[in-house]
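Working notes, beginning with the structure itself.
What follows is calculated from the coordinates using simple rules that are stated; it is not laboratory data. Just so it is clear, the structure is predicted and the values come from calculations on it, not from any experiment. Here the Cβ positions follow ideal geometry from the backbone for every residue, glycine too, while neighbour counts run over all protein chains shown.
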Amino acid sequence: MKIAIGSDHTGVALKEEIKTYLNSRKIAYEDLGTYTTDSCDYPRIAEKVCKAILGGAADRGILICGTGIGMSISANKFKGIRAAACSDPYSAIFAKRHNNANVLCLGARVIAGGLATLLVEGWLNANFEGERHQRRVDMITRLEQRSSVEPTTHPDAAPAPITEEDTHPVQTHP
Ligand code: RB5
């Protein structure tokens, strides 16, 4: 199994703790940034990790921001990504068993390294149970398809103009 891992600036230290755990388990991973504590935009990192999964370079992803929420909202915009923001082991385990979550999102300002590692361990060790849960995951996939063909007039769905911040180069590994 290969993991794509990423964080914004708030999650750099926790990401290092998770990487230490992955190293101890001999689980392969690729760190897709960010690599410094300079402020950065979490959607960029979510995009890199999700594209690694959807492109086949990784099997699962771990995304860390301050709360785990921005990362999960961003990641769940990608068709085929099921991202779960978790802060307790039960949720992390069942995110895999019942929801087949392929991305685990953690909040570096919410949980410390020891607990975060337990969540990662539980999620990695859990297996999707299929059967009725497969039916429900399939329903989620169909929701993705429907949402892209039904235009909405809700203001939250209107794209804002592309800005300089959207287009400046993504930080690369030093
Ligand atoms: C950064 O301040 C913070 O907003 C970000 O890490 C994350 O928590 C957003 O959801």
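Collect the residues in the stretch 18-45 that are away from the ligand (no atom under 16 Å from the Cβ), assigned to a helix (DSSP H, G or I) and either among the aromatic types (Phe, Trp, Tyr) or farther than 15 Å from Leu104 by Cα (or both), keeping them in residue-number order.
Within the stretch 18-45, Thr20, Tyr21, Asn23, Ser24 meet the criteria.
Among (1) farther than 24 Å from Gly11 by Cα; (2) not in a loop (DSSP other than H, G, I, E, B), which single condition is Glu129 missing?
Just one mismatch for Glu129, condition (2).
Among the residues that make up the stretch 109-119, is at least one of them in a loop (DSSP other than H, G, I, E, B), among the aliphatic types (A, V, I, L, M) and in contact with a Lys or Arg (Cβ under 9 Å, 6 or more places away or on another chain)?
Within the stretch 109-119 (the criterion being in a loop (DSSP other than H, G, I, E, B), among the aliphatic types (A, V, I, L, M) and in contact with a Lys or Arg (Cβ under 9 Å, 6 or more places away or on another chain)), the answer is no, since none of the residues qualifies.
Evaluate the stretch 161-168: report whether one residue or more is surrounded by 14 or more Cβ atoms within 10 Å (Cβ to Cβ) and either of a type in the set (S, T, N, Q) or assigned to a loop (DSSP other than H, G, I, E, B) (or both).
Scanning the stretch 161-168, I find no residue that is surrounded by 14 or more Cβ atoms within 10 Å (Cβ to Cβ) and either of a type in the set (S, T, N, Q) or assigned to a loop (DSSP other than H, G, I, E, B) (or both), so the answer is no.
Looking only at residues that are part of a loop (DSSP other than H, G, I, E, B), in contact (Cβ under 8 Å) with a residue 40 or more places away in the chain and away from the ligand (no atom under 12 Å from the Cβ) in the stretch 46-85, which one is nearest to Val12 (Cα to Cα)?
So the residue we want is Ala58.
It is to be established whether one or more residues within the stretch 88-97 are within 16 Å of the ligand (Cβ to nearest atom) and surrounded by 15 or more Cβ atoms within 10 Å (Cβ to Cβ).
no
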